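Enquirer: This is the structure I want to talk about, given as structure tokens.
The values are calculated or read from the model by the stated rules, or taken from the named source; none is laboratory data. Bear in mind the structure is a predicted one, so any value in this text is a computation, not a measurement. Because the Cβ atoms are built from the backbone with ideal geometry, glycine has one as well, and the counts that use them run over all protein chains shown. In case anyone asks, the SASA skips ligands and DNA or RNA and just uses the protein heavy atoms, side chains included. Shrake-Rupley method; radii C 1.70, N 1.55, O 1.52, S 1.80 Å.
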Amino acid sequence: MLAIRMQRTGRKGHAMFRVVVQDSRFTPTSGRIVANVGSYDPHSKAVAINKDKIVYYLDHGAQPSDRVVKMLTSEGVKLPDWVEKPSKDKKRVIRNVEKLRRNRPEEPVEKSDEKPAETTAEPEEAKTSSAEEPTAPALEASDTEDEATKES
């Protein structure tokens with residue numbers, strides 16, 4: 001049986017694909033192809049296919065792969081009725097659902113009574129940054145409080 005599939009070419013990290021007709025018993029990397037019917041560049045999304053050759057091989061029973069079916073439908077090639085179109089609602093089966101982090105029970109957090117010791121003794125003024133400085137109305141309120149405490 002013949003298969004229409006994609007054969008990876010190009011250098012490492014920069015894939016290019018040939019669309020080839022090949023005996024389904026051979027791997028795409030074997031190099032034993034019946035016909036080269038097009039190419040696909042995933043970086044620029046450029047598709048160059050020979051529609052006449054593809055229609056010929058489809059009429060003679062060549063089975064396209066799922067990715068090739070998507071490519072041919074986007075290019076407007078009329079597919080035979082027997083070609084199975086890939087489903088859009090692919091759902092993966094999650095094995096060992098109980099092992100997922102979101103499904104694990106909460107681990108109790110142990111609280112210690114000891115307070116952590118401060119490693120550096122910085123003056124109180126050095127701890128506040130310039131972004132945390134009190135605003136002007138707060139200063140005025142503190143000034144009035146200081147005057148009230150001085151008078152009494």
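Enquirer: Starting from segment 93-106, keep only residues that are at negative phi and touching a residue at least 24 places away in the same chain (Cβ under 8 Å), then list their pairs with residues that are of a type in the set (Lys, Arg) and part of a helix (DSSP H, G or I) whose Cβ atoms are within a distance under 9 Å, requiring at least 6 positions of separation or different chains.
Expert: No pair meets every condition.
Enquirer: Any residue at all in segment 121-129 that's at pLDDT below 60, over 45 Å from the mean Cα position of the chain (by Cα) and either of a type in the set (Phe, Trp, Tyr) or open to solvent by less than 70 Å² (accessible area, probe 1.4 Å) (or both)?
Expert: There is at least one residue in segment 121-129 that is at pLDDT below 60, over 45 Å from the mean Cα position of the chain (by Cα) and either of a type in the set (Phe, Trp, Tyr) or open to solvent by less than 70 Å² (accessible area, probe 1.4 Å) (or both).
Enquirer: Which is at pLDDT below 90, more than 25 Å from the chain's Cα centre (by Cα) and either within 25 Å of HIS14 (Cβ to Cβ) or not aromatic (Phe, Trp, Tyr) (or both), of ILE33, ILE49? If you could, list the steps in order and put the result at the bottom.
Expert: Working: ILE49 fails: at pLDDT below 90.
One residue alone meets the criteria, ILE33.
Enquirer: Scanning segment 8-48 for residues that are of a type in the set (A, V, I, L, M) and closer than 13 Å to ARG67 by Cβ, which turns out most open to solvent (accessible area, probe 1.4 Å)? Steps first, please.
Expert: Just the residues of segment 8-48 that are of a type in the set (A, V, I, L, M), to begin with: 15-16, 19-21, 33-35, 37, 46-48.
Then drop every residue that is not closer than 13 Å to ARG67 by Cβ, which leaves 15, 19-20, 47.
On the way: ALA15: 14, VAL19: 1, VAL20: 0, VAL47: 44 Å².
Taking the candidates together, the pick is VAL47.
Enquirer: A follow-up question, please. When only residues in segment 49-62 that are open to solvent by less than 50 Å² (accessible area, probe 1.4 Å) and of a type in the set (Val, Ile, Thr) count, which is nearest to PHE17 (Cα to Cα)?
Expert: In the first step, residues of segment 49-62 are kept if they are open to solvent by less than 50 Å² (accessible area, probe 1.4 Å); the result is 49, 54, 57-58, 61-62.
Now narrow it down to the ones that are of a type in the set (Val, Ile, Thr): 49, 54.
On the way: ILE49: 11, ILE54: 16 Å.
The selected residue is ILE49.
Enquirer: When residues of segment 63-75 are filtered for being loosely packed, with under 14 Cβ neighbours inside 10 Å and part of a loop (DSSP other than H, G, I, E, B), how many remain? Give the steps one after another, and end with the answer.
Expert: So the first thing to find is which residues in segment 63-75 are loosely packed, with under 14 Cβ neighbours inside 10 Å, and the list is 66, 70, 74-75.
Keeping just the survivors that are part of a loop (DSSP other than H, G, I, E, B) gives none.
Total satisfying the criteria: 0.
Enquirer: Next question. Check off (1) modelled with pLDDT under 85; (2) open to solvent by 100 Å² or more (accessible area, probe 1.4 Å); (3) basic (Lys, Arg); (4) over 28 Å from the mean Cα position of the chain (by Cα) for LYS78 and give me the number that stays unchecked.
Expert: Evaluating LYS78 over (1) modelled with pLDDT under 85; (2) open to solvent by 100 Å² or more (accessible area, probe 1.4 Å); (3) basic (Lys, Arg); (4) over 28 Å from the mean Cα position of the chain (by Cα) leaves (1) as the failure.
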